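A short write-up of the structure that comes next.
The values are calculated or read from the model by the stated rules, or taken from the named source; none is laboratory data. Because the structure is predicted, anything quoted here is derived from the model rather than measured. Neighbour counts run over all protein chains shown; Cβ positions are idealised from the backbone, glycine included. Heavy atoms of the whole protein, side chains included, go into the accessibility calculation; ligands, DNA and RNA do not. Shrake-Rupley method; radii C 1.70, N 1.55, O 1.52, S 1.80 Å.
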Amino acid sequence: MAGGRGIQTPFGIFYGSNITPHPEAGIGGWSDEDFVRAMTLGEAPDGSHYFPVFPYTSFRLMTETDLLHLKDYLFSLPASPKVNREHEVPFPFNLRPPLYFWKLMFLEKGSFEKDPSKSELWNRGAYLSNALAHCGECHTPRNLLGGLKASMHYAGSREGPEGELAPNITPDQETGIGAWSKQDLQWLLETGMKPDADNVQGLMAEAIDDGYSHLPPEDLKAMAEYLASLPPIKNRVISENQDSEQDW
Ligand code: HEC
């Protein structure tokens, strides 16, 4: 949690910040309100804007109770004095004030709201997938300004973080994962193994090893329930140097 992990994006390299409770190098001086504001509005305690590479566009869906539990956990970790590394992002993308306008266009407000027409399991899965596991930050394509295209929710992105291709994970039979069962999805999130017995690589493998594989089976089952219910979207995600049938 001491920061320094670089993430390559089309706008440059961003380095994760120190989120240990060190009073100067980390977030040890933050109040509860500071933490909630950062996670839901992308605002630093001094009022400046965070770059959306910090996925507050997803975390903003978290309930205040969960946010404060998360802060409690972070504040229980050893404090690291590691100083934050400067992002390597060229002009004009290195400017923070324009993010005010970016947020007006792309940052929605408000926390997760249950859909009463759906089951408890589905709602739990939607909450976990969209607010915490932030699947869409990689699997939903972005527009030229880096905003997520809501109409293509989870339909795959050719330019995920690190330039990795994130496949279409909607249940489209032809271009997505329509052939996968809920058990297949749950098994992938737990082990990183696909139905064809191949393992996922790169950032997905990292997200599973460091994250999703630690979730209790009931939560993974809920996420599979939600994912299998997504509207199928036809989108053949292929890399730049392959022939594209899809006009991006
Ligand atoms: C940090 C980026 C990132 C996040 C977050 C992420 N994924 Fe992925 N995902 C990827 C990448 C990249 C791949 C491609 C891996 C490969 O090719 O081996 C992938 C592959 C997959 C696959 C395999 C699809 C196929 O057709 O082979 C599934 C299913 C999947 N992700 C589901 C999810 C779900 C569900 C979540 C949220 C719980 C999630 N991913 C979060 C980046 C991400």
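Values computed for the structure shown
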read-out: Identity of the residue in the stretch 61-100, of a type in the set (A, V, I, L, M, F, W, C) and within 21 Å of residue 146 (Cβ to Cβ), that ends up surrounded by the most Cβ atoms within 10 Å (Cβ to Cβ); value: 61
read-out: Some residue of the stretch 16-27 being over 26 Å from residue 150 (Cα atoms), open to solvent by 30 Å² or more (accessible area, probe 1.4 Å), over 19 Å from the mean Cα position of the chain (by Cα) and small (Gly, Ala, Ser); value: no
read-out: Single residue of the stretch 162-187 satisfying the filter (under 18 Å from residue 134 (Cα atoms) and touching a Lys or Arg at 6+ places or on another chain (Cβ under 6 Å)) that is modelled with the highest pLDDT; value: 186
read-out: Qualifying residue in the stretch 44-52 (condition: at positive phi, open to solvent by 30 Å² or more (accessible area, probe 1.4 Å) and assigned to a loop (DSSP other than H, G, I, E, B)); value: yes
read-out: Check on residue 234, outside the structural domain of residue 165 (by TED's automatic domain parsing) and open to solvent by 80 Å² or more (accessible area, probe 1.4 Å); value: yes
read-out: Single match in 146, 160, 136 (criterion: more than 12 Å from the ligand (Cβ to nearest atom), open to solvent by less than 20 Å² (accessible area, probe 1.4 Å) and touching a residue at least 24 places away in the same chain (Cβ under 8 Å)); value: 146
read-out: Odd one out for residue 41, checked against (1) open to solvent by less than 30 Å² (accessible area, probe 1.4 Å); (2) within 17 Å of residue 108 (Cβ to Cβ); (3) touching a residue at least 40 places away in the same chain (Cβ under 8 Å); value: (1)
read-out: Test result for residue 58, surrounded by 15 or more Cβ atoms within 10 Å (Cβ to Cβ), in the same structural domain as residue 15 (by TED's automatic domain parsing), under 23 Å from residue 27 (Cα atoms) and touching a Ser or Thr at 6+ places or on another chain (Cβ under 6 Å); value: no
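Each row is one residue, and each column tells you yes or no for (1) on the phi > 0 side of the Ramachandran plot; (2) more than 7 Å from the ligand (Cβ to nearest atom); (3) surrounded by fewer than 17 Cβ atoms within 10 Å (Cβ to Cβ).
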residue: 132; (1), (2), (3): no, yes, no
residue: 140; (1), (2), (3): no, yes, no
residue: 173; (1), (2), (3): no, yes, yes
residue: 177; (1), (2), (3): no, no, no
residue: 183; (1), (2), (3): no, yes, yes
residue: 186; (1), (2), (3): no, yes, no
residue: 204; (1), (2), (3): no, no, no
residue: 212; (1), (2), (3): no, no, no
